[in-house]
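> Quick one: structure below, then a few questions.
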Amino acid sequence: MVTRFFIWWFKLNGWKVGETIPQEIRKAVVIAAPHTSNWDFVFALATFKMLGIKVNYLIKNDVYRFPFRRLLDNTGAIPVARNRSQNLVDTIVQKLDAAENLYLMIPAEGTRSKVSRWKSGFYHAAVGANVPVVLGYLDYENKIAGFGKIVHLTGDKQKDLTVIREFYRPIKGKHPEKFDIEAVKLD
């Protein structure tokens, strides 16, 4: 029900759906970028629903409770305990390994604020689970949402990140000043 509202809002605001994920890709880490607004969640879920693709995303355990639990379940939330004794990358790898089909959406920036470097978890999870990275995007300037390149990581971070950086270079977030293309780098 809530995703119907998301689709209605998506269309009302003049958005269009771009490319989709090829059918042969059954498991992947999906980068959600640029991530500069709370509206990104609405437009991203509308895009997945319109393309008939089930998406999952990680959410902190403390948010996964009444009254939000049902909404989160219906939109693909996977609750995780984020404490120092648990390695989140290992949890993601285990979830990807155990699944037949799983698109796990991760905002690589880790926040809606401007960052100086991306979080490396998406990279390590994709390498650990031996799955590709799908470059999801929300281009607010052109009002197009979709999935671009499929990146099969080589383990050469600089080479892989150059491909990712060049893909996202022309994409504009809702608040472009919060997205620094030069932050597409890891530790």
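No lab work stands behind these numbers, since they all come straight from the coordinates. What you see is a predicted model, and the numbers here were worked out from it, not measured in a lab. Please note: Cβ atoms are built from the backbone with ideal geometry, for glycine as well, and neighbour counts cover all protein chains shown.
> Tell me which residues come under 5 Å, amide H to amide H, from D180 once H is placed; ignore anything under 5 positions away on its chain.
Long-range HN contacts for D180: V115.
> Given region 27-150, report the % of alpha carbon pairs whose separation exceeds 21 Å. Numbers along the way, then the final one.
Values: 2931 of 7626 pairs.
Pairs farther apart than 21 Å: 38 percent.
> Per residue of region 114-125, what does 6.51 cos²θ - 1.76 cosθ + 1.60 with θ = phi - 60° give for ³J(HN,Hα)? Whole Hz please, x for Gly and Pro, Karplus curve as stated.
Along region 114-125, the couplings run 5, 10, 9, 7, 6, 6, 8, x, 4, 5, 5, 5 Hz.
> Would you grab the residues whose amide H sits under 5 Å from the one on L102? Only those 5+ places off in sequence or on another chain, please, with H modelled 1.01 Å from N.
Hits under the 5 Å cutoff: K27, A28.
> By its C-alpha gyration tensor, with a ≥ b ≥ c as the square roots of the eigenvalues, how is region 50-121 shaped: rounded for a/c under 1.5, else prolate for a/b larger than b/c, else oblate? Don't jump to the answer; show the numbers that get you there.
Numbers: a/c = 1.25, a/b = 1.19, b/c = 1.05.
Note, shape of region 50-121 comes out rounded.
> Same structure, new question: Using modelled backbone amide H atoms (1.01 Å from N, in-plane), which distant-in-sequence or interchain residues come within less than 5 Å of Y57's amide H?
Amide H to amide H, under 5 Å and 5 or more residues apart or across chains, Y57 pairs with A77, I78, M105.
> Sticking with this one: Divide the volume of the convex hull of the Cα atoms of region 137-187 by its number of residues and quote the answer in cubic angstrom per residue.
Values: hull volume 3.8 nm³, N = 51.
Per residue, the Cα convex hull of region 137-187 comes to 74 Å³.
> How large is the charge dipole for the chain, taken about the Cα centre, if only the Cβ atoms of Lys, Arg (+1) and Asp, Glu (-1) carry charge, to the nearest 20 debye? Provide the component values of the computation, followed by the final result.
On the way: 28 positive and 18 negative charges, 107 e Å.
For this selection, approximately 520 debye.
> Another question about this same structure. Hey, which aspartates and glutamates would be in cross-link range of K149, C-alpha to C-alpha under 17 Å, not counting anything within fewer than 8 residues on its own chain?
Cross-link targets: E19, E24, D139, D160, E166.
> Show me, for region 178-183, the HN-Hα J-couplings you get by feeding each phi into the Karplus relation (A = 6.51, B = -1.76, C = 1.60, θ = phi - 60°), rounded to Hz, glycine and proline as x.
Working through the residues one at a time gives 8, 10, 10, 4, 6, 7 Hz.
> Now for a different question. Pairs K54/K185; K114/K174; K95/K172: which are spaced more than 21 Å apart, C-alpha to C-alpha? Write out the running numbers ahead of the final one.
Numbers: K54/K185 28 Å; K114/K174 12 Å; K95/K172 31 Å.
Correct reply: K54/K185; K95/K172.
> Tabulate in residue order the Karplus-calculated ³J(HN,Hα) for region 11-27, using 6.51 cos²θ - 1.76 cosθ + 1.60 with θ = phi - 60°, rounded to whole Hz; enter x for Gly and Pro.
Karplus values, whole Hz, x for Gly and Pro: 5, 4, 8, x, 7, 10, 8, x, 5, 10, 7, x, 4, 6, 8, 9, 9.
> Also: Taking Cα centroids, how far is region 8-34 from region 133-155 in Å?
Centre-to-centre (Cα) distance: 8 Å.
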